[in-house]
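The values are calculated or read from the model by the stated rules, or taken from the named source; none is laboratory data. Note that the structure is predicted; figures quoted are calculated from it, not measured. So basically every Cβ, Gly included, is an ideal-geometry build from the backbone, and we count neighbours across all protein chains shown. Just so you know, the surface numbers come from the protein's heavy atoms only, side chains and all, with ligands and any DNA or RNA stripped out. Shrake-Rupley method; radii C 1.70, N 1.55, O 1.52, S 1.80 Å.
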Amino acid sequence: MQEPIRVIGRDLMPADIRVGFVRALGWVLDGERITRVEWANNSTYVFIHMGTLCVRHADGQVNSLILRDVDLYATDWRVV
């Protein structure tokens, strides 16, 4: 179970926090799966497999992650 993070007097789970890609990448390296709020579902997420960033799509298909500049600069990344 993920530990809550204390933020201004209340506990937030990592899934409640939205960050930029660099911070989210740290979560992936720690074994978490991440997604973007813009993607509108938790079935599409990014994870690391054998040293490669991969994306699992809602239909179950897995591909190497190809980041667009909009993804790199987005601040809506969160833990699934």
field: Enumeration of residues in segment 21-34 that are loosely packed, with under 13 Cβ neighbours inside 10 Å and of a type in the set (D, E, K, R)
entry: Asp30
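Taking segment 1-34 on its own, how many of its residues are modelled with pLDDT under 80 and of a type in the set (D, E, K, R)? Show your work before the answer.
Of segment 1-34, the ones modelled with pLDDT under 80 are 1-17.
So of that shortlist, the ones also of a type in the set (D, E, K, R) come out as 3, 6, 10-11, 16.
Count: 5.
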task: Give the residue that is modelled with the lowest pLDDT, with candidates limited to residues of segment 35-57 that are among the aliphatic types (A, V, I, L, M) and closer than 23 Å to Ile17 by Cβ.
output: Ala40
statement: For segment 35-80, the count of residues that are part of a loop (DSSP other than H, G, I, E, B), open to solvent by 60 Å² or more (accessible area, probe 1.4 Å) and free of Cβ contacts under 8 Å to residues at least 12 places away in the same chain equals 7
